[in-house]
Amino acid sequence: MTGATTPYVRALAGANLPDWLGCKVEIKPRRKAIGLVVEPRMVTIAVPPTTTPEELTAAVTRKLALIQQAASAPGPDSPGWLGWYDVIIIHTSGGKDSQTAVRRVLRILAAAGVLDRVAVLHLVLDKDPRTSSDEPRIEWQQVPELAAEQAARAGIPLSGADGWALWDAHRAGAKLTDREQWAGLMHYARRDVDGDLLDDFATRRKRDGSPRSWATMWTRFCTSDWKTAIGRAFTEAICEQVRTERGLSRPVRVLQVMGFRAEESDDRAARPPFSFSFKASAAASRHVWEWLPIHDMTAREVWADIRESGVPYHPAYSEGLSRLSCRLCIMGSKRDLAISKRMAPATAAAYERVEVDLDDPFQHGRALASIAPAPGPVGFEVQWTTCPTCHVPVLANTRQPQRHCPAHAPTGPWRLLGAAPAATPCAEQGSLFDALELS
């Protein structure tokens, strides 16, 4: 411990707290609120500089019951650990990392015999596709459908009502009555509003007097309101059914799976591969743990996995984008934003109109209107086709005369890996690696 943390150590030592179940306790500085990260046999306490020892002790004491429960939970290093969890929720964006995480985790879960407690979830950020004829402008075209195809190829079919059955029941106030309504199925969910994420940006300041309408690195309501809160409500609907079905008097144990990788950013590198989620948990009803099964994988390894699987990835990667996030992400690099403006000029124009209306730049200190579109073909449309070799469904850019699945394409991200070209000729299947001239 450093001298700066000594007062906190003394305060915790004198607070009549238990022995942390044999856990190692580490105290680190933090800019904002007190944070707790709980891993098996390890508790990390993050303390802002203005926190007093007494405030720290009070915060830890309030969460002590959860800390004790979390620190004793079995993790990936424990034999048979997956059987301890009542519900397993796998989140997928439809991007390259998600599809690899979904595929690998489902293989592990099948071997463990726990597919009867698994649900796969994709969160939709556009208008409800069943009630709106508008083209999507937040996610890229066919992303929800691609996420469902990737899950189906891993053995998880789409749920009823084209994936919306569970969420429709939840929105109607109906309780789930049967495990078959959610287990072993792929689902969609979205925020219960008429508009999409851009509409939220455009009207938020008018609704609640927010100083900024755009989300920022520090106020990411695009994540908290459109993803975290919706995922939590989806999970609670399932937990309520499980509590009733099994007559549980204890909180439901939930394992939340996401495809985050350490290589993506410093923030994601700092996330432990397995930990307890205080934000997603509720003391009396559910305890949620977070598992990042591909946390240590590199981009090369992810693309190699996709190549081996033959499961399609989104052709937006072929345009040079580094991530399959929102078309125009508040966290996006200047390069990705320039490419997106080339691919989706109508969406970019809609965002720039909101900039003008709000007199507020899209990113802190940088207006989207100040970024020139990247050179290259303007516009981007996709369509489903089939691989000429194996005839499986493939998502293709409409500019391509044909497209092979990853397993049969002669070029693509795997060119970086030194793979020999396939014997079957086809339209070149480029990728972000080709665009960056890394091959």
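Dipole size of the chain about its Cα centre, with +1 on Lys/Arg Cβ and -1 on Asp/Glu Cβ: approximately 860 debye, rounded to the nearest 20. Comparing the chain with the 2.2 N^0.38 Å rule of thumb, its C-alpha radius of gyration ratio is 1.04 (two decimals). For region 340-392, relative contact order (Cα pairs under 8 Å, six or more residues apart, normalised by length) works out to 43 percent. For region 159-249, the equivalent ellipsoid built from the Cα gyration tensor has semi-axes of 31, 14, 11 Å, listed from largest to smallest. The accessible surface of region 118-165, taken with every protein chain in place and a 1.4 Å probe, is 47 percent carbon and sulfur. Bridgeable lysines around Lys279 (alpha carbons under 23 Å apart, same-chain partners fewer than 8 residues away excluded): Lys24, Lys28, Lys32, Lys63, Lys227. Against the empirical curve 2.2 N^0.38 Å, the C-alpha radius of gyration of region 223-321 lands at a ratio of 1.35. Projected label points at Leu115 and Glu55, each 7 Å from Cα along the beta carbon direction, are separated by 5.0 nanometres. Given the options Ala348, Trp164, Gln256, identify the residue whose Cα lies farthest towards the positive end of the charge dipole of the chain (+1 on Cβ of Lys, Arg; -1 on Cβ of Asp, Glu). In the chain, that residue is Gln256.
Just to be sure I understand: of the beta bridges DSSP finds with both ends in the chain, what percent are antiparallel, rounded to 5?
Just about 40 percent of them are antiparallel.
Surface exposure of region 249-368, expressed per residue as accessible area with a 1.4 Å probe, stands at 39 Å². In percent, rounded to a whole number, the relative contact order of region 63-148 is 31, using alpha-carbon pairs under 8 Å and six or more apart. Magnitude of the charge dipole for region 164-243, about its Cα centre and with charges confined to Cβ atoms of Lys, Arg (+1) and Asp, Glu (-1), is about 380 debye. Note on surface exposure: Arg104, Arg117 rank Arg104, Arg117 by accessible area, highest first, 1.4 Å probe. Rg ratio for region 1-156: its Cα radius of gyration over 2.2 N^0.38 Å, N being its residue count, equals 1.43. Taking amide H as placed 1.01 Å from N in the peptide plane, Ile27 has its amide H under 5 Å from the amide H of Ile45, each at least 5 places away in sequence or on another chain.
Full-extension gain between Arg41 and Thr131, please, as 0.36 nm times their residue separation minus the C-alpha to C-alpha distance.
Numbers: separation 90, 0.36 × 90 = 32.40 nm, distance 4.88 nm.
Extra length from Arg41 to Thr131 when fully extended: 27.5 nm.
If the chain linking Ala369 and Arg300 were pulled fully straight, counting 0.36 nm for each residue of separation and taking away their Cα-Cα distance, it would gain 21.5 nm. Its relative contact order, with pairs defined as Cα atoms under 8 Å and 6+ residues apart, puts the chain at 14 percent. Distance between the pseudo-spin-label points of Asp199 and Val9 (7 Å out from Cα toward the beta carbon): 5.5 nm.
The values are calculated or read from the model by the stated rules, or taken from the named source; none is laboratory data. Bear in mind that the values here come from a model prediction, so they are computed numbers and not experimental data. No Cβ is skipped: glycine too gets one built from the backbone with ideal geometry, and neighbour counts run over all protein chains shown. SASA here: full protein model, heavy atoms, side chains in, ligands and nucleic acids out. Shrake-Rupley method; radii C 1.70, N 1.55, O 1.52, S 1.80 Å.
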